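The values are calculated or read from the model by the stated rules, or taken from the named source; none is laboratory data. No experiment lies behind these values; they were computed from the predicted model shown. Glycine gets a Cβ as well: all are built from the backbone with ideal geometry, and neighbour counts include every protein chain shown.
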Amino acid sequence: MKIKLQQSALHSALSRLQGAVGSANCSVEALACIKVEAAAGPVGIVLTATNLDITRSVTVECAVEDVDGPCVVPYHTLARIVGGLDGGELTITTCPHMAADGFKVVSTRAKYAFATLDLDRLPNPAKESESDEIVSAVGAKDLRDIIQWTKFAAEKANGARSALKSLLLCVSADETLGVATNGRVMAVAKKAGSQTSEGFEMLIPQAAASELAKFIGELVSAKALDVAMPRDPAKRNYVEFAADGATLRMKLCSEQYPNWRRVLPQAEQARCKVSASEMCATLRRLSLFASAYELETTKCTFNAQGIRMESNGDMTGQAMETVGAEGYECTPMTLHFNPALLLDAVSSPQADEVTLALHGSGPLKITARDGSYMALVMPCRVA
């Protein structure tokens with residue numbers, strides 16, 4: 001097969017596959033490779049990579065002659081070579097069989113020949129229940145916002161079971177909702193409406209969710225993602241997203257997700273409104289006085305004048321600032337929080353203003369003004 005395309009187009013396509021390729025020193029050589037084949041529709045080629053958990057395909061529009069079978073070429077060497085070439089047209093010739101020079105790249109000033117692998121060595125994660133799938137669509141921007149606003153809760157689930165390192169995505173005709181929790185903090189984001197007539201749920205591992213957010217960010221014109229997955233929840237072990245000639249297929253977590261609605265606090269004792277940017281800036285400054293940011297706590301005293309925040313480090317000194325707050329109508333209340341979790345919970349929705357609701361010694365509830373975001377942060381016990 002003979003391919004002619006611009007260096008920039010190939011470099012861009014290879015960059016988009018990075019998250020789905022195994023490492024350069026992967027024990028399974030084929031997982032560090034990509035498949036190159038002619039596109040079935042318009043003129044072009046399709047590049048496919050998989051690490052068994054995530055599979056991505058990207059279509060590149062280009063001129064293709066003498067079409068034959070696909071070939072398998074090492075990704076990391078190819079990406080470094082193409083990235084270092086000057087811009088301009090590249091001519092690529094491929095061989096569908098295992099060969100020492102089965103993939104040749106020629107530019108105006110350089111020529112490279114790559115050894116190719118046998119196609120049978122490239123894993124091809126098989127779909128299940130293809131004859132009975134849910135085929136739907138979700139808003140691309142809404143889904144990306146949900147992932148970005150909730151990911152901090154799953155990312156900090158160190159040592160936790162797989163379900164707590166995942167994003168629970170629930171889609172119905174009324175809304176698209178995402179939940180992430182690690183037991184100490186929970187984030188819930190939702191967007192009104194969706195483009196589906198059939199509701200569904202899925203549990204997406206955090207690494208796959210991050211790749212999905214990247215996938216959405218790379219879309220050029222698509223406003224929605226096509227979604228396909230097994231209809232039977234018991235067999236729902238994968239999901240596939242498609243848009244703009246690209247596809248992303250990922251394995252789903254099979255564990256049972258905790259009943260997150262059961263932990264939502266009911267008996268609110270007090271609430272106040274604060275500037276999100278002011279509170280985040282204060283937490284960042286106070287963190288400079290914590291000797292171990294993840295382990296230290298910030299003392300927060302809520303009163304009618306605002307929120308008095310204090311940080312004490314064994315070797316760094318002490319710091320105190322008061323954040324302005326509106327609407328607090330209760331006796332002063334003091335709680336201690338992990339400053340990293342509190343900062344993430346307040347900053348994630350990028351809202352101008354957030355409402356803080358207190359529930360005694362229970363979790364602090366943080367909500368955005370439009371109701372699209374909620375986070376619960378558990379206070380720390382201090383001797």
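Of GLU268, GLU278, all but one fail to be at pLDDT 95 or above and among the acidic types (Asp, Glu); the exception is GLU278.
All conditions but one from (1) surrounded by 14 or more Cβ atoms within 10 Å (Cβ to Cβ); (2) at pLDDT below 90; (3) under 30 Å from ILE45 (Cβ atoms); (4) β-branched (Val, Ile, Thr) apply to THR297; the one that does not is (3). Out of curiosity, is LEU286 modelled with pLDDT of 90 or more and of a type in the set (A, V, I, L, M, F, W, C)? Answer is no for this residue.
Looking only at residues in the stretch 31-73 that are out of contact with any Gly (no Cβ under 9 Å at 6 or more places or on another chain), in a strand (DSSP E or B) and of a type in the set (A, V, I, L, M, F, W, C), the one that is surrounded by the most Cβ atoms within 10 Å (Cβ to Cβ) is ILE34. The criterion of at least 3 residues that are among the β-branched types (Val, Ile, Thr), buried (at least 17 other Cβ atoms within 10 Å of the Cβ) and free of Cβ contacts under 8 Å to residues at least 24 places away in the same chain is met by none of the strands (runs of 3 or more DSSP E) falling completely within the stretch 301-376. Candidates are the residues of the stretch 237-269 that are basic (Lys, Arg) and assigned to a strand (DSSP E or B); the one that is surrounded by the fewest Cβ atoms within 10 Å (Cβ to Cβ) is LYS251.
Taking into account only those residues within the stretch 105-147 that are modelled with pLDDT under 80 and among the hydroxyl-bearing types (Ser, Thr, Tyr), which is nearest to VAL179 (Cα to Cα)? That would be SER129. Report, ordered by the first and then the second residue, all pairs with beta carbons closer than 6 Å, sequence separation of six or more or different chains, a first member in the stretch 213-233 that is under 21 Å from THR150 (Cα atoms), and a second member that is basic (Lys, Arg). Correct list of pairs: ALA213/ARG144; ILE216/ARG144; GLU218/ARG16. Check whether at least one residue in the stretch 179-186 is at pLDDT below 95, under 15 Å from ASP226 (Cα atoms), in contact with a helix residue (DSSP H, G or I) (Cβ under 8 Å, 6 or more places away or on another chain) and not acidic (Asp, Glu), and report yes or no. No: the stretch 179-186 contains no residue that is at pLDDT below 95, under 15 Å from ASP226 (Cα atoms), in contact with a helix residue (DSSP H, G or I) (Cβ under 8 Å, 6 or more places away or on another chain) and not acidic (Asp, Glu). Can you confirm whether the stretch 18-29 contains a residue that is assigned to a helix (DSSP H, G or I) and buried (at least 18 other Cβ atoms within 10 Å of the Cβ)? Among the residues of the stretch 18-29, at least one is assigned to a helix (DSSP H, G or I) and buried (at least 18 other Cβ atoms within 10 Å of the Cβ), which makes the answer yes.
Being charged (D, E, K, R) and without any contact (Cβ under 8 Å) to a residue 60 or more places away in the chain is the filter here; which residues of the stretch 18-48 pass it? Result: GLU37, single match. Here the stretch 1-17 is the region considered, the condition is being within 21 Å of the chain's Cα centre (by Cα) and touching a residue at least 60 places away in the same chain (Cβ under 8 Å), and the residue that is surrounded by the fewest Cβ atoms within 10 Å (Cβ to Cβ) is SER15. Looking across LEU47, LEU10, LEU90, one residue alone is modelled with pLDDT of 95 or more, farther than 30 Å from MET250 by Cβ, touching a helix residue (DSSP H, G or I) at 6+ places or on another chain (Cβ under 9 Å) and hydrophobic (A, V, I, L, M, F, W, C). It is LEU90. Hey, among the residues in the stretch 141-192 that are among the hydroxyl-bearing types (Ser, Thr, Tyr), part of a strand (DSSP E or B) and over 16 Å from VAL346 (Cα atoms), which one's nearest to the chain's Cα centre (by Cα)? Among those that are among the hydroxyl-bearing types (Ser, Thr, Tyr), part of a strand (DSSP E or B) and over 16 Å from VAL346 (Cα atoms), it is SER166.
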